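These notes are about the structure you will find just below.
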Amino acid sequence: ALPIYAMRDITATVDSLPLITGSVICKKAAESLSALVLDVKYGDAAFSKSLEHARELAQSLVALGNQMGMNTAALLTKMDCPIGQRIGNALEVIESLECLKGRGPTDLRELVTRTGGYLLWMCSKADTPEHGVEMIGRVLDDGSALKKFQAMLVAQGVELGTAQTLCTGNNDYFQVFRCAAHQEELKTLRAGTVEMVHAMPIAMLLLEMGAGRTRAGQSINHSVGAELMVTIGQYVAQDTPWIKIHHDFPCLLGDRKST
């Protein structure tokens with residue numbers, strides 16, 4: 001039997017709301033969850049381009065989740081700019097580890113604490129969602145979340161030494177993850193204030209370079225990715241490095257640089 005996503009793909013029904021709902025919720029129901037918080041994105045780099053479509057999707061997901069016996073809620077969050085500073089498989093794992101160590105970008109931490117805090121409230125572990133946010137923040141800062149994650153890695157078959165390398169202090173993550181052959185910085189063409197970093201063109205570039213797949217069975221290069229070197233609202237001079245591309249090509253072609 002075909003997986004639901006594969007069936008949607010070959011029948012050109014990837015954007016079918018009922019099939020999306022079934023595809024998402026069936027995996028959650030298989031885990032016998034008592035509560036579920038869904039982060040439903042909307043914006044230029046999301047499946048749902050508008051808030052209205054995202055709300056419709058969220059309502060469908062929440063309704064089916066509750067019908068399946070899971071206490072289900074959804075948060076609607078905007079996705080025009082990348083979340084955090086790193087994009088790509090290995091780089092996003094690294095940034096997640098930094099968040100677990102009480103570091104990392106503030107927008108990523110806010111998303112983690114708010115979704116986690118809401119889930120704690122739904123499970124009656126926190127008096128309010130805001131109390132839940134505080135609880136998540138504390139375990140990120142005191143190291144207990146990281147310690148639990150290390151134990152989860154080992155429980156799922158990761159060698160203890162590898163788990164410790166990832167979860168201890170300031171170790172070099174590339175002792176574990178493959179580093180791309182090249183890291184190339186792209187520079188601003190003119191001076192000004194950063195108003196927006198559009199996520200979709202970056203995502204499409206990285207897809208072209210092997211960070212994702214366009215057909216079933218296609219291999220993924222987990223080392224391909226990008227690091228943002230500027231933030232929204234920052235003033236930058238001309239020729240300031242604004243993004244670092246991790247890739248395995250001998251060089252970036254002009255059209256890729258202009259993306």
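The values are calculated or read from the model by the stated rules, or taken from the named source; none is laboratory data. Bear in mind the structure is a predicted one, so any value in this text is a computation, not a measurement. Positions of Cβ are generated from backbone atoms using ideal geometry, with glycine treated the same way; all protein chains shown enter the neighbour counts. Please note that ligands, DNA and RNA were not included when accessible areas were found on the heavy atoms of the full protein model with its side chains. Shrake-Rupley method; radii C 1.70, N 1.55, O 1.52, S 1.80 Å.
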Nearest-20 debye value, region 150-206 charge dipole, Cβ charges on Lys, Arg, Asp, Glu = 120
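For region 118-259, what value does the Rg/Rh ratio take when both radii are computed over Cα atoms and Rh is the Kirkwood radius, given to two decimals?
Value, to two decimals: 1.06.
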Kindly provide log₁₀ I(q)/I(0) values, in the same order as q = 0.12, 0.14, 0.17, 0.19 Å⁻¹, from the Debye equation applied to equal alpha-carbon scatterers of region 1-155.
-> -0.62, -0.85, -1.22, -1.40
Ordering of 46-58, 108-120 by packing [mean C-beta count within 10 Å, highest first] | 108-120, 46-58
What percentage of the solvent-accessible surface of the chain, computed with a 1.4 Å probe over protein heavy atoms, is contributed by carbon and sulfur atoms?
-> 55
Mind checking which of Val139, Thr72, Gly88 is farthest towards the positive end of the chain's charge dipole, using Cβ charges of +1 (Lys, Arg) and -1 (Asp, Glu) about the Cα centre?
-> Thr72
Alpha-carbon spread of region 122-161, three principal axes, descending order, Å | 38, 20, 8
For Asp80, Asp15, what's the largest-to-smallest order of accessible area, 1.4 Å probe?
-> Asp15, Asp80
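Averaging sequence separations of C-alpha pairs under 8 Å and six or more residues apart, then dividing by the length of region 37-152, give the relative contact order as a whole percent. Could you put the intermediate results ahead of the total?
Values: 146 pairs, mean separation 23.8, N = 116.
Once normalised by length, the contact order is 21 percent.
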Note to self: with every protein chain in place and a 1.4 Å probe, region 96-196 gives an accessible area per residue in Å² of 63
Taking Cα pairs under 8 Å and at least six residues apart, what relative contact order does the chain come out at, in percent?
-> 17
Volume per residue of the C-alpha convex hull in the chain, rounded to whole Å³ | 165
Label region 178-236 by shape, choosing from rounded, prolate and oblate, from the square roots a ≥ b ≥ c of the eigenvalues of the Cα gyration tensor; if a/c is under 1.5 it is rounded, and otherwise prolate applies when a/b is larger than b/c, oblate when it is not.
-> prolate
How big is the charge dipole of region 107-207 about its Cα centre, in debye rounded to the nearest 20, if each Lys and Arg gets +1 on its Cβ and each Asp and Glu gets -1 on its Cβ?
-> 180
The farthest towards the positive end of the charge dipole of the chain, of the residues Gln164, Met152, Val37, given +1 on Cβ of Lys and Arg and -1 on Cβ of Asp and Glu, is Met152
Within region 219-248, backbone nitrogen closer than 13 Å to the virtual label 7 Å beyond the Cα of Leu189 toward Cβ = 239
Subset of Lys101/Lys148; Lys49/Lys244; Lys78/Lys148; Lys78/Lys125; Lys49/Lys78 violating a 19 Å alpha-carbon distance limit = Lys49/Lys244; Lys78/Lys148; Lys78/Lys125
Set Lys and Arg Cβ to +1 and Asp and Glu Cβ to -1, take the dipole of the chain about its Cα centre, and tell me which of Phe174, Leu120, Ile25 lies farthest positive.
-> Ile25
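Do the sum for the chain: with -39,500 (n - 2.57) for every DSSP H run of n ≥ 4, divided by all residues, what is the mean residue ellipticity at 222 nm, to the nearest 500 deg cm²/dmol?
Estimated from H runs of four or more residues: -13000 deg cm²/dmol.
For the chain, what is the charge dipole size about the Cα centre, in debye to the nearest 20, if Lys and Arg each add +1 at the Cβ and Asp and Glu each add -1 at the Cβ?
Working: 24 positive and 28 negative charges, 72 e Å.
The calculated dipole for the chain is roughly 340 debye.
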